[in-house]
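So the structure is just underneath, and the comments pick up after that.
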Amino acid sequence: MTPVGAAAPAPPPPATLQVGQAKLHHCATAAPWCGTLERPLDPSGVVPGKIDVYFEYYPRAGAAAPAGTLVATEGGPGFPATESREEYLALFEPLRATRDLVIMDNRGTGRSAAIACTPLQEAPVLSEANIGACGRSLGPSASLYGTALAGDDLAAILEALGTGPVDLYGDSYGTYFAQTFALRHPTQLRSLVLDGAYPLDGPDYPWYPHYAPAMREKFNRACERSPGCSGIPGNSMEHIAPALKLLREKPYTAHVRTAPGRVVTFSVSASQLATVMFGSAPALASVRETDAAARAYVGGDRAPLLRLMAESLTGVDSRSADSGSALKYSAGLAAAVSCGDPPQIFDMSLPPKERMVARDAAIARRESSAPETYAPFTIAEFRRIPLDYAFIDQCAQWPVPRSPPVAPVPADDPYPEIPVLVVSGDLDNMTPVADGAAAAARFPRAHHVVLANGFHVNALPHSRSECGAKLVRRFIENLSTGDDGCAAEVPPVRLVTKFARTAAELPPARGMADNAAGEPALRVVTAALLTSEDVISRAQAQGAGSGLGLRGGSFTVADAAGGYRIALDEVRWTEDVSVSGTVDWAGRSGAVRGVVRIKGPRGASGPLEFEWTEGGVQPRATVSGKLGGESVTAEAPAP
């Protein structure tokens, strides 16, 4: 009974939501509404069974007239799109007042019956044997997880929801999925956005001939645009060449700590340098540091290059203990798609033993006709990097399909005349500009935008600029990007000029009015700034978590508004200067502020505060505080 004058209690929220023919329910995730659609595992009916395909539905946030439905699809393959929901929600937030959003986990990923192969899922590195065992364990269903069938699943979900034509955004492998969807279901699309795109097919495709030229251009371009590197004679590949020669002559085994309690053991070799340069994990650090790390290695300072090698090995491996179960990433699904969709250098209808003979023959022919395919590395050196990137051998032991996989590209079907935006970064060697151009050329109404100094995928929150996101949203609203001049204005990466073991090897910061500190203390200031930028680049790559300084100490990264707060505990970039305190990095706004305490040589210790704002070719950092009892007021190039 409600007392007179008291407000009636609000009714409980509905337990279900009917959208078209689909009945949705409250989610166990952060999404407001979820659903599943039962789909045949094999639409032909040859292989029996069903699969429940999971999706999330985000109704438009405003009361204005609806403007349509957005769909986002994930890279990989193997990653469930719903695990990236926060990134997609951030990208589309300005459009969400009038647009619904749908995110689907592709069959075999996440909550759509994720494939969990043992030991492939738990193994620290991919192996041909484990990939083959996974395929055999799937039996006749091994060929039923490809992109074409996943695209058909999405089409069925959109039909059930009654969305009408949608705006589909795909990043990385998601661009492959999106192109496949466009060919198979063109009438269900209003527009298409391909962020970090590569074509469905192309000449010489099994060898990926754009891969190495794009890698070389990435390092050379970054060096040309960074004053600290461009002033050194020669291009970046020439700077790196002496280290490559030394690695070929004197390989050895190293044990490197990458995080508290974690040691990575690996062969220090030309192939590990190839992993750093091709794998780009972490992307910013690999571009920012490889040139200087290679020069330091030749000079006897091994630590910077060994750290990059260890980080690239842990970064390339999505199956590490940190990544969780197959619900977060399915190595089995990645293998099923990789071995079912793209062409290989051998005939997949051959039994594995015959296939390996054919592979060896194809490689021998390639080594004879085009030995420079992965230059500066040999084909043999390239094949020894992790199979995630040295894809030549990945499917050698995958079982012969019991029925041919459904081809992503329908025979003789034209590419649809829908508005298409392709976004590329000119420092991306995973899906390089040439691949983006090739993908755009397939569509009659495509527009290709290249972001200067952009890496792989340029519209999501982790990218270096807001430009990509703004262009994507404008394109979806207007079916045109309008003025895309911001693509040429992304600030260049500031490369490390040199690695130093002591502060005395570094240039001093410039003393300003009221500065009482001498040149040795101002060199310590430079070391402190470089230490701070070093941990920022790790935070950008790993997100929240913990890590180790280059030469000692540790740091933790916590999410903060728009970026990260990094707590440093005696982190050392040089051997003689430690930095403790906090550094706040405000994400793409570029604001950096540090409040730290320094322990330096010859009594140069004390508190410092510094700040800089990213943007332009060479922003400046301002520093104040005390070292050794002397007041510090200085400025220096932002590190």
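Each reported figure results from applying straightforward, stated rules to the coordinates on display, with no laboratory input. Just so it is clear, the model here is predicted, and its values are computed rather than measured. In this analysis, Cβ positions are derived from the backbone assuming ideal geometry, glycine residues included, and neighbour counts consider all displayed protein chains.
How would you classify the stretch 80-221 from its alpha-carbon gyration tensor, with a ≥ b ≥ c the square roots of the eigenvalues: rounded for a/c under 1.5, else prolate if a/b is greater than b/c, otherwise oblate? Can you show the working numbers first?
Working: a/c = 1.70, a/b = 1.21, b/c = 1.40.
Judged from the Cα gyration tensor, the stretch 80-221 comes out oblate (a/c at least 1.5, b/c at or above a/b).
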TODO: May I ask you to evaluate 6.51 cos²θ - 1.76 cosθ + 1.60, the Karplus curve with θ = phi - 60°, for each residue of the stretch 197-207 and list the ³J(HN,Hα) values in order in whole Hz, giving x for glycine and proline?
DONE: 9, 9, x, 5, 8, x, x, 6, 4, x, 9
Open item on the list: Rounded to the nearest 20 debye, what is the charge dipole size of the stretch 171-243 about its Cα centre when +1 sits on each Lys and Arg Cβ and -1 on each Asp and Glu Cβ?
Closed with: 160 debye
- [ ] Would you give the gap between the C-alpha center of the stretch 86-126 and the C-alpha center of the stretch 423-492, rounded to a whole Å?
- [x] 22 Å
Task: Amide H contacts under 5 Å for residue 447, placed H, 5+ residues apart - done: 420, 421, 422
Task: Tilt relative to the chain, helix 211-224 - C-alpha long axis, 0 to 90 degrees, to 10 - done: 30 degrees
TODO: Kindly work out what percent of the DSSP beta bridges joining two residues of the chain are antiparallel, to the nearest 5.
DONE: 75 percent
- [ ] Using just the helices of the chain, give the 222 nm mean residue ellipticity in deg cm²/dmol: DSSP H runs with n ≥ 4 each add -39,500 (n - 2.57), and the total is spread over all residues, rounded to 500.
- [x] -9500 deg cm²/dmol
TODO: Would you grab the residues whose amide H sits under 5 Å from the one on residue 575? Only those 5+ places off in sequence or on another chain, please, with H modelled 1.01 Å from N.
DONE: 502
Task: Helix 352-369 vs. the chain, principal-axis angle (Cα, 0 to 90°, nearest 10) - done: 50 degrees
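Which value, in debye to the nearest 20, describes the size of the charge dipole of the stretch 517-584 about its Cα centre when Lys and Arg Cβ atoms bear +1, Asp and Glu Cβ atoms bear -1, and nothing else is charged?
Numbers: 5 positive and 9 negative charges, 19 e Å.
My answer is approximately 80 debye.
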Open item on the list: Below 17 Å, Cα to Cα, which aspartates and glutamates can residue 245 reach? Residues fewer than 8 away in the same chain don't count.
Closed with: 291, 301, 372, 381
Open item on the list: Quick check: from the Cα gyration tensor, does the chain come out rounded (a/c under 1.5), prolate or oblate?
Closed with: oblate
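Computed over the Cα atoms, what is the radius of gyration of the stretch 503-637 divided by 2.2 N^0.38 Å, N being its residue count? Numbers along the way, then the final one.
Numbers: Rg = 13.9 Å, N = 135, 2.2 N^0.38 = 14.2 Å.
Cα-based Rg divided by the globular estimate yields 0.98.
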TODO: Order these peptides, 139-151, 488-500, 366-378, by their mean beta-carbon neighbour count within 10 angstrom, highest first.
DONE: 139-151, 488-500, 366-378
Open item on the list: So for the chain, averaging the separation of alpha carbon pairs under 8 Å that are six or more residues apart and normalising by length, what relative contact order in percent results?
Closed with: 13 percent
TODO: Grab the other residues whose beta carbon is less than 12 angstrom from that of residue 501, score K and R as +1, D and E as -1, and report the net.
DONE: 0
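Decide, for the stretch 394-469, between rounded, prolate and oblate: order the square roots of the alpha carbon gyration tensor eigenvalues as a ≥ b ≥ c, take rounded if a/c falls under 1.5, and otherwise choose prolate if a/b is larger than b/c, else oblate. Numbers along the way, then the final one.
Numbers: a/c = 2.84, a/b = 1.49, b/c = 1.91.
The shape class here is oblate.
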TODO: Quick one: dipole size for the stretch 328-384, taken about the Cα centre, charges +1 on Lys/Arg Cβ and -1 on Asp/Glu Cβ, in debye to the nearest 20.
DONE: 180 debye
Task: Unit charges at the beta carbon, dipole of the chain: most positive-side option, 67, 21, 115 - done: 115
Open item on the list: Give the lysines reachable from residue 626 as a straight Cα distance under 17 Å; neighbours fewer than 8 places away on the same chain don't count.
Closed with: 599
Task: Per-residue HN-Hα couplings for the stretch 375-381 [Karplus 6.51, -1.76, 1.60; θ = phi - 60°; Hz; x = Gly/Pro] - done: 4, x, 9, 6, 4, 5, 5
Task: Whole-Hz ³J(HN,Hα) from phi, Karplus 6.51 cos²θ - 1.76 cosθ + 1.60, for the stretch 394-410, glycine and proline x - done: 4, 10, 4, 10, 5, x, 4, x, 6, 9, x, x, 6, 5, x, 9, x
Open item on the list: Using +1 at the C-beta of Lys and Arg and -1 at the C-beta of Asp and Glu, which of 199, 185, 164 has the Cα lying farthest in the positive direction of the dipole of the stretch 150-223?
Closed with: 199
- [ ] Please determine, in degrees from 0 to 90 and to the nearest 10, the orientation of helix 270-279 with respect to the longest principal axis defined by the Cα atoms of the chain, where the helix direction is its Cα long axis.
- [x] 60 degrees
Open item on the list: Which one, 531, 553, 476, projects farthest toward the positive side of the charge dipole computed for the stretch 454-574 from Cβ point charges (K/R +1, D/E -1)?
Closed with: 553
- [ ] State, in angstrom, two size descriptors of the stretch 29-72 derived from its alpha carbons: Rg to one decimal place and Dmax to the nearest whole number.
- [x] 15.5, 47
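Please state the relative contact order of the stretch 503-637 as a whole percent: Cα pairs under 8 Å, 6+ residues apart? Don't jump to the answer; show the numbers that get you there.
Values: 338 pairs, mean separation 28.3, N = 135.
For the stretch 503-637, the relative contact order is 21 percent.
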Open item on the list: Students often forget the sequence filter, so: which lysines lie under 20 Å Cα-Cα from residue 50 once same-chain residues fewer than 8 apart are removed?
Closed with: 23
